[in-house]
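Okay, so here's the structure we're looking at.
Only the coordinates and a few stated rules stand behind these numbers; no lab work does. Here the structure is a predicted model, which is why all the values come from computation and not from measurement. Using ideal geometry, Cβ is built from the backbone for each residue, glycine included, and neighbour counts are taken over all protein chains shown.
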Amino acid sequence: MTDLLQIDGARLWRSLMDMAQIGATEKGGVRRLALSEEDRRGRDLFRAVVPRSGHDGIGR
């Protein structure tokens with residue numbers, strides 16, 4: 001039997017909002033061009049969050 005995934009909605013929202021701040025635009029969008037400083041910061045944040053969720057380095 002497969003265990004059901006439990007999602008912490010508040011933690012998910014915080015993670016999304018943290019990511020949204022990286023490269024945020026004045027009109028509420030996000031701009032993180034490949035190989036830019038914002039792209040690197042977004043990837044760094046993703047790599048920091050993934051191990052806490054129990055997934056491997058590519059999110060599996």
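Packing-based ranking of 43-50, 30-37 yields 43-50, 30-37, ordered from highest to lowest mean Cβ neighbour count within 10 Å. Distance from the Cα centroid of the stretch 1-17 to that of the stretch 25-44 is 24 Å (rounded to whole angstrom). In sequence order, the stretch 35-47 has phi-based couplings of 6, 7, 4, 5, 4, 4, 5, x, 5, 4, 5, 4, 5 Hz under the Karplus curve 6.51 cos²θ - 1.76 cosθ + 1.60, θ = phi - 60°, and Gly or Pro positions carry x.
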